[in-house]
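The values are calculated or read from the model by the stated rules, or taken from the named source; none is laboratory data. Bear in mind that the values here come from a model prediction, so they are computed numbers and not experimental data. Please note: Cβ atoms are built from the backbone with ideal geometry, for glycine as well, and neighbour counts cover all protein chains shown.
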């Protein structure tokens, strides 16, 4: 199975702000450009599954206009990690003790009170397992965190116990990668 992992375009939010599950819009012009570039390289008749957050939905809508041969659907499992009470806060304004708790128990701690890394990985793994069962080439229009989780899953890693095991690399805004 081939899985295209596409990241939304630049969100319209100030740099340095935590915005995992926060439903912020994306730059429309950058989104159009990403859709044009993506539409030009994707093979015919793929399944496109999008996060329900508007920054991903916008890219999906532009892609739909360019590639009507694709099948489209939305899947909440592809939403970014939920950072709870830290959503919309500046990263540098979050108390150091909150980061210390998170890194001390990276897998189990709910940073911001909503979702742990373990719960997030389980959510993404559920979508991953379904894609594996279907066995068809698929595109996920999603977020950096989901893409990082999927790259771990592609290597057979289903849990990350320590923060330093979490991948740092992800495609830039509007970019993509592919895992086989």
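Quick rundown of the values:
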item: Unmet criterion (only one of (1) within 30 Å of residue 39 (Cα to Cα); (2) surrounded by 14 or more Cβ atoms within 10 Å (Cβ to Cβ); (3) in contact with a strand residue (DSSP E or B) (Cβ under 8 Å, 6 or more places away or on another chain)) for residue 89; result: (1)
item: Cβ-Cβ under 7 Å pairs, at least 6 apart or on other chains, the stretch 101-116 side touching a residue at least 60 places away in the same chain (Cβ under 8 Å) and at negative phi, far side part of a helix (DSSP H, G or I) and surrounded by fewer than 16 Cβ atoms within 10 Å (Cβ to Cβ); result: 103/163; 106/163; 114/84
item: Scan of the stretch 37-48 for residues that are in contact with a helix residue (DSSP H, G or I) (Cβ under 7 Å, 6 or more places away or on another chain) and more than 16 Å from residue 136 (Cα to Cα), ordered by number; result: 38, 39
item: Matching option when the condition is touching a strand residue (DSSP E or B) at 6+ places or on another chain (Cβ under 9 Å), surrounded by fewer than 20 Cβ atoms within 10 Å (Cβ to Cβ) and either assigned to a loop (DSSP other than H, G, I, E, B) or free of Cβ contacts under 8 Å to residues at least 12 places away in the same chain (or both), among 14, 9, 40; result: 14
item: Residues of the stretch 95-124 classified as under 30 Å from residue 48 (Cβ atoms), surrounded by fewer than 19 Cβ atoms within 10 Å (Cβ to Cβ) and in contact with a helix residue (DSSP H, G or I) (Cβ under 6 Å, 6 or more places away or on another chain), total; result: 1
item: Answer residue from the stretch 127-138, given it is more than 14 Å from the chain's Cα centre (by Cα) and touching a residue at least 12 places away in the same chain (Cβ under 8 Å) and is farthest from residue 46 (Cα to Cα) among those; result: 132
item: Qualifying position, being in a loop (DSSP other than H, G, I, E, B), surrounded by 15 or more Cβ atoms within 10 Å (Cβ to Cβ) and touching a strand residue (DSSP E or B) at 6+ places or on another chain (Cβ under 7 Å), among 150, 170; result: 170
item: Residues being touching a helix residue (DSSP H, G or I) at 6+ places or on another chain (Cβ under 7 Å) and either under 13 Å from residue 8 (Cβ atoms) or modelled with pLDDT under 95 (or both) - total across the stretch 49-89; result: 9
